[in-house]
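Structure first, then comments.
The values are calculated or read from the model by the stated rules, or taken from the named source; none is laboratory data. Note that the structure is a prediction, hence the values are computed from the model and not measured. Glycine also receives a Cβ, built like all others from the backbone with ideal geometry; neighbour counts cover every protein chain displayed. Remember, those area values only see protein heavy atoms, side chains included, never the ligands or the DNA or RNA. Shrake-Rupley method; radii C 1.70, N 1.55, O 1.52, S 1.80 Å.
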Amino acid sequence: MKTENFVVLTMAVLAFTALNISLTLNVGALSAPPIYDDNGYLLDGYYRFMFDGARSLWSLAVNFIQHPPHAPVETLTVILGYWLFGSSNVGPYIMNIWGLTAYALMIFSVARDRVDSRSATLLAVAAMFVPAAGAIVSELRPDLIAGLFFAFSGYVLLAQTRAHHKWRSAALVGLLCAFSMVIKLSAIVITFPMLGLALVVGSILDRHSRSAPIYRAVITTVTALMFLAPVAYIWGTQTYAYIYQALVSNSDIWFTPGDRWFHLNYYATGQGGSIGLGNLLYVGVGLIVIDILVSVATKRRDIRFLAYYVWTALIFLGIATSAEKTVYQGSFFFFPLIISSVMALSRLLSLLPRQGLQFAGVIALSALVFLEPAHTYQQGVYRKDTWPMLEQISDLVVQGAAVTPACGPPYYHYATVGSYPVTAHAVALEVAKKGHMRLAIDQLFIMRALEPMMQEIEKANFVLLPNEAGMREAVNQHLPGVAFTDQIMELLRQDSRWREYRIAAADPPTLFVREDCEWAGRSPD
């Protein structure tokens, strides 16, 4: 990459990061108390940095091995954000700049395989206007960057013929594939088989001698497995447990209701596709179709591009048939489609070598004029009323902990019957910053019977019951525990150990604070 192209890409990454952070502060995730799943990663990173002393590479590595985080790369991003920018939650989002940088370089690489570097730079800048690209910064989720690295790994295996002709480059490809799987471990159900398929098909399409592709594929596979082996040893059990509860034991909670057309269309022109891709879906699909037709007409022999298009289509069919639908999971289709679109466009521009740069300039200018430069999936602006709720709840928790011992040592337990209006992780994060104390969180809304819920409450010092809006949201999310809200409310009101606080708000939640851990002056047993 020439210096001028590097400078342009660097300036673009900085500008798009600033614009997306600004949007996030005004209307996105940072305009309201943290919600799922951002809050979990923020809390995990803050605890490790402030309470566990993970402030060097060595202490961080030891901490990760002893207490494996759900998403190690995302947790590392959060820790670095707090480390570099202080206790503000803005820091972890700013650190997502590394993901946007990777996106810019990967799109440049895809385009540069077929057009000159200046045209590739302009196409990379234009691609930053895609909503999913902006969400890399504005959303604190591993899905987006995992989807990006997954898409590029598939591209390298299928379409970038020069990437693994030597054993060193084949080993680097193996590391790239392994890293893309580690970013979101629970997505291994899609990343592992689809990258395996790309490796096999890419080797078959290799036109070198029969033994060379096999040799390179073996090197790629062995390198990836060597990288993944310790990861599987450390994270294997918890990753399996997470996947099992999501797909089996709690599948009735996490499923998305809708008919066959809803599911098939969700990541295309439905809710997920309209948020993650916008109208660019039609542009991308149109470019792919035109490229295929032009390739047939001009009798271009290389079919690796077609293999990647088919691979992308298979991914779409796979996630379309899944019972669970979220715009975040759509990243594993959005980014392969983006790379497919850029590849198709650069292939078409390569047919016009003299006019290619002018067309690339027109495309970048059109994006600048007609497209929004920043995007967020979350609309925290509609939850601004939860800020005063969070302030009151966190103050009551800190005050309660100052006068009453932990009823379920070693930590104070904070139990929540509903997931909203203020999430338990948001409360725990605020309490950690205000009172420098760690809370154990009991999410009762996942439980399916009253008795085990009350057993958990016996260990708790604080119990939050949802407001009317929180009840509606929990019902829409199929959370079974909220069905017992009224019964729990009545039981706690009858128990003299608890004090009820009605949070001051137009639609108030209710917080119960334990004033005594004993049963009427005697031990509960």
Given (1) open to solvent by less than 30 Å² (accessible area, probe 1.4 Å); (2) in contact with a Leu (Cβ under 9 Å, 6 or more places away or on another chain); (3) farther than 24 Å from ALA440 by Cβ, THR101 misses just (1)
Which condition number in (1) in contact (Cβ under 8 Å) with a residue 60 or more places away in the chain; (2) more than 20 Å from GLN160 (Cα to Cα) is the one that LEU287 fails?
-> (2)
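Would you kindly identify the helices (runs of 4 or more DSSP H) lying entirely within segment 300-383 that contain at least 3 residues that are touching a Phe, Trp or Tyr at 6+ places or on another chain (Cβ under 7 Å)?
Working: elements: 304-320, 331-349, 356-370.
The qualifying helices (runs of 4 or more DSSP H) are 304-320, 331-349.
Residues of segment 43-63 being hydrophobic (A, V, I, L, M, F, W, C), free of Cβ contacts under 8 Å to residues at least 60 places away in the same chain and in a helix (DSSP H, G or I), which ones? Full working, then the answer.
Kept after step one, since they are hydrophobic (A, V, I, L, M, F, W, C), are these residues of segment 43-63: 43, 49-51, 54, 57-58, 60-62.
If we keep only those that are free of Cβ contacts under 8 Å to residues at least 60 places away in the same chain as well, we get 49, 54, 57-58, 60-62.
PHE49, LEU57, TRP58, LEU60, ALA61, VAL62, listed by residue number.
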Restricting attention to segment 206-217, which residues are assigned to a helix (DSSP H, G or I) and either surrounded by fewer than 16 Cβ atoms within 10 Å (Cβ to Cβ) or touching a Phe, Trp or Tyr at 6+ places or on another chain (Cβ under 9 Å) (or both)?
-> SER211, ALA212, ILE214, TYR215, ARG216
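Residue-by-condition table, conditions (1) modelled with pLDDT under 95; (2) open to solvent by 10 Å² or more (accessible area, probe 1.4 Å):
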| position | (1), (2) |
| --- | --- |
| ASN96 | no, no |
| LEU105 | no, yes |
| LEU122 | no, yes |
| MET128 | no, no |
| ILE136 | no, no |
| PRO142 | no, no |
| ALA146 | no, no |
| GLY154 | no, no |
| ALA170 | yes, no |
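In this structure, does LEU185 turn out to be out of contact with any strand residue (DSSP E or B) (no Cβ under 6 Å at 6 or more places or on another chain), surrounded by 23 or more Cβ atoms within 10 Å (Cβ to Cβ) and closer than 13 Å to THR220 by Cβ? I'd like the intermediate steps shown before the answer.
Details: out of contact with any strand residue (DSSP E or B) (no Cβ under 6 Å at 6 or more places or on another chain): yes; surrounded by 23 or more Cβ atoms within 10 Å (Cβ to Cβ): yes; closer than 13 Å to THR220 by Cβ: no.
No.
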Could you check how many residues of segment 266-299 are open to solvent by less than 20 Å² (accessible area, probe 1.4 Å) and of a type outside the set (A, V, I, L, M, F, W, C)?
-> 9
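Picking from ILE214, ILE204, ILE234, ILE219, which residue would you name as being touching a residue at least 60 places away in the same chain (Cβ under 8 Å) and either under 23 Å from LEU176 (Cα atoms) or touching a strand residue (DSSP E or B) at 6+ places or on another chain (Cβ under 7 Å) (or both)? First the steps, then the outcome.
Values: ILE214 fails: touching a residue at least 60 places away in the same chain (Cβ under 8 Å); ILE204 fails: touching a residue at least 60 places away in the same chain (Cβ under 8 Å); ILE219 fails: touching a residue at least 60 places away in the same chain (Cβ under 8 Å).
Matching residue, one of ILE214, ILE204, ILE234, ILE219: ILE234.
This table checks each residue for (1) farther than 20 Å from ALA132 by Cα; (2) surrounded by 15 or more Cβ atoms within 10 Å (Cβ to Cβ); (3) without any contact (Cβ under 8 Å) to a residue 60 or more places away in the chain.
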position: SER249; (1), (2), (3): yes, no, yes
position: ASP252; (1), (2), (3): yes, no, no
position: LEU264; (1), (2), (3): no, yes, yes
position: ARG301; (1), (2), (3): yes, no, yes
position: TYR328; (1), (2), (3): no, yes, no
position: PHE333; (1), (2), (3): no, yes, no
position: MET343; (1), (2), (3): no, yes, no
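Out of ALA428, ALA402, ALA415, ALA440, report the one residue that is in contact (Cβ under 8 Å) with a residue 60 or more places away in the chain and on the phi < 0 side of the Ramachandran plot. Before you say what the answer is, go through the steps one by one.
Working: ALA402 fails: in contact (Cβ under 8 Å) with a residue 60 or more places away in the chain; ALA415 fails: in contact (Cβ under 8 Å) with a residue 60 or more places away in the chain; ALA440 fails: in contact (Cβ under 8 Å) with a residue 60 or more places away in the chain.
Unique residue meeting the criteria: ALA428.
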Condition met for PHE179 (closer than 23 Å to THR77 by Cβ, under 23 Å from the mean Cα position of the chain (by Cα) and surrounded by fewer than 22 Cβ atoms within 10 Å (Cβ to Cβ)) | yes
Restricting attention to helices (runs of 4 or more DSSP H) lying wholly within segment 394-504, give those where 2 or more residues are open to solvent by 70 Å² or more (accessible area, probe 1.4 Å).
-> 450-457, 468-476, 485-494
Given the conditions (1) in contact (Cβ under 8 Å) with a residue 12 or more places away in the chain; (2) under 22 Å from SER117 (Cα atoms); (3) not polar (S, T, N, Q), which single one is not true for GLY272?
-> (2)
Only one of (1) without any contact (Cβ under 8 Å) to a residue 24 or more places away in the chain; (2) closer than 19 Å to PRO388 by Cα does not apply to ARG499, and that is (2)
Is there a residue in segment 42-49 that is closer than 15 Å to VAL137 by Cα and either at pLDDT 95 or above or touching a helix residue (DSSP H, G or I) at 6+ places or on another chain (Cβ under 6 Å) (or both)?
-> yes
Does ARG383 fit the bill of being surrounded by 16 or more Cβ atoms within 10 Å (Cβ to Cβ), under 23 Å from the mean Cα position of the chain (by Cα) and either under 30 Å from PHE152 (Cβ atoms) or charged (D, E, K, R) (or both)?
-> yes
Any idea which residue in segment 447-481 is nearest to VAL513 (Cα to Cα), counting only those that are modelled with pLDDT of 95 or more and of a type in the set (Val, Ile, Thr)?
-> VAL463
Filtered residue count, segment 273-299, keeping only those that are more than 17 Å from GLY147 (Cα to Cα) and outside any helix (DSSP H, G or I) = 3
Residues that are aliphatic (A, V, I, L, M) and over 30 Å from MET50 (Cα atoms): which helices (runs of 4 or more DSSP H) entirely in segment 88-201 hold 1 or more of them?
-> 97-112, 117-127, 131-138, 142-158, 167-183
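Scan THR237, THR191, THR220 and give me the residue that is loosely packed, with under 14 Cβ neighbours inside 10 Å and either touching a Phe, Trp or Tyr at 6+ places or on another chain (Cβ under 9 Å) or polar (S, T, N, Q) (or both).
Exactly one residue qualifies, and that residue is THR237.
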Subset of segment 6-23, residues open to solvent by 50 Å² or more (accessible area, probe 1.4 Å), under 28 Å from GLN379 (Cα atoms) and not aliphatic (A, V, I, L, M), comes to SER22
Exactly one of (1) surrounded by fewer than 20 Cβ atoms within 10 Å (Cβ to Cβ); (2) assigned to a helix (DSSP H, G or I) is unmet by VAL78. Its number?
-> (1)
